[in-house]
Amino acid sequence: VQLQAFGGGSVQAGGSLRLSCVASGMPDEMGWYRRAPGKQRELVAGIRRDGTTNYEEAVKGRFIISMDNGKNMVDLQMNNLKPADTAIYFCNAFVYEGGIGYWGQGTLVTVSS
């Protein structure tokens, strides 16, 4: 599975950005992780093909993850962005058979106050 991420950029606090990621195959789960300066990489949001989602506590109510099964694409709509959301965001895909995870290239999100 190869992943290609789109989106990211710079925005002022309170603004919105959208990240998209396209998978070459059909992963069972997809999601977005982020690594903020000086911090470990953490899960931001994940989604399964059945539509089940999970979110990191700090983004609940602000971020929305969605999956287009037909296009093997996952989107992350990020609203009411905060400076604390500044990080490199990574798309992730997981295939149950074999238990293999795949990573896309990181995309930088910068939120200024």
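Mind checking which lysines have their Cα closer than 24 Å to the Cα of Lys60? Skip sequence neighbours fewer than 8 apart in that chain.
Partners found: Lys39, Lys82.
Under a crude label model (7 Å from the Cα following the beta-carbon direction), how far is Gln4 from Ala84 in nanometres?
Those two pseudo-labels are separated by 3.5 nm.
Counting only heavy atoms of protein chains, what accessible area per residue, in Å², does the chain have with a probe of 1.4 Å? Before the final figure, lay out the partial values.
Values: 5950 Å² over 113 residues.
In whole numbers, the chain has 53 Å² accessible per residue.
Ranked from highest to lowest mean number of other Cβ atoms within 10 Å per residue, what is the order of the peptides 94-107, 8-21? Walk me through the numbers on the way to the answer.
Numbers: 94-107: 13.4, 8-21: 16.1.
Highest-to-lowest ranking by the protection proxy: 8-21, 94-107.
Given a 1.4 angstrom probe, I'd like the percentage of the accessible area of the range 72-112 that is carbon and sulfur, rounded to a whole number.
C and S fraction of accessible area: 60 percent.
What number, in percent, do you get for the relative contact order of the chain if the mean sequence gap of Cα pairs under 8 Å and at least 6 apart is divided by its residue count?
Value for the chain: 36 percent.
For the range 29-73, what's the relative contact order in percent, using C-alpha pairs closer than 8 Å and at least 6 residues apart?
Result for the range 29-73 is 29 percent.
Mind checking the full-extension length gain between Ser16 and Leu108? Use 0.36 nm per residue of separation minus the Cα-Cα distance, one decimal, nm.
Once the chain is fully extended between Ser16 and Leu108, it gains 31.7 nm.
Sort Ile65, Ile88 by accessible area with a 1.4 Å probe, largest first.
Greatest to least solvent exposure: Ile88, Ile65.
The values are calculated or read from the model by the stated rules, or taken from the named source; none is laboratory data. Everything numeric here is computed off the predicted structure, so don't read it as measured data. Neighbour counts run over all protein chains shown; Cβ positions are idealised from the backbone, glycine included. Note: areas computed on protein heavy atoms with side chains; ligands, DNA, RNA excluded. Shrake-Rupley method; radii C 1.70, N 1.55, O 1.52, S 1.80 Å.
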